[in-house]
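Structure record follows, encoded as structure tokens.
The values are calculated or read from the model by the stated rules, or taken from the named source; none is laboratory data. These numbers were taken from a predicted model, which means no experiment stands behind them. Positions of Cβ are generated from backbone atoms using ideal geometry, with glycine treated the same way; all protein chains shown enter the neighbour counts. Side chains included, ligands, DNA and RNA excluded: accessible areas come from the protein's heavy atoms. Shrake-Rupley method; radii C 1.70, N 1.55, O 1.52, S 1.80 Å.
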Amino acid sequence: MIETIPTNDVFKNLITILRIHKDREYIIDLFARQNITVTNAKLKSWIVKSGKFNKDFRPMPREALEAFFRALHDAKIVDMNDSE
């Protein structure tokens, strides 16, 4: 059986690795650059890790995570070009 990683967990780990997890305004701005409106409450619900009960948890849509990847690339934070 193939196990997948929930989008919330990927998102939380990614913003932590990039050390932008404390700058919520910047994260919200990155989404805005992709024409996605994200409030502080929505951002908080997406940062909650899956697995344990938390009343604030909301699953992060895959489309939002993909848009965040594009925003990181556009902001030159990550390089998504193939090395081939």
Legend entry - Every residue from the stretch 29-52 that is open to solvent by 40 Å² or more (accessible area, probe 1.4 Å), in a helix (DSSP H, G or I) and within 24 Å of Asp79 (Cβ to Cβ): Asp29, Ala32
Legend entry - Residue among Glu25, Glu3 that is open to solvent by 50 Å² or more (accessible area, probe 1.4 Å) and either assigned to a helix (DSSP H, G or I) or of a type outside the set (Asp, Glu) (or both): Glu25
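Looking at the stretch 53-70 only, could you name the residues that are open to solvent by 100 Å² or more (accessible area, probe 1.4 Å) and assigned to a loop (DSSP other than H, G, I, E, B)?
Of everything in the stretch 53-70, those that are open to solvent by 100 Å² or more (accessible area, probe 1.4 Å) and assigned to a loop (DSSP other than H, G, I, E, B) turn out to be Phe53, Lys55, Arg58.
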Legend entry - Candidate set from the stretch 23-50 (those that are more than 13 Å from the chain's Cα centre (by Cα) and in contact (Cβ under 8 Å) with a residue 40 or more places away in the chain); member that is nearest to Asn13 (Cα to Cα): Ser50
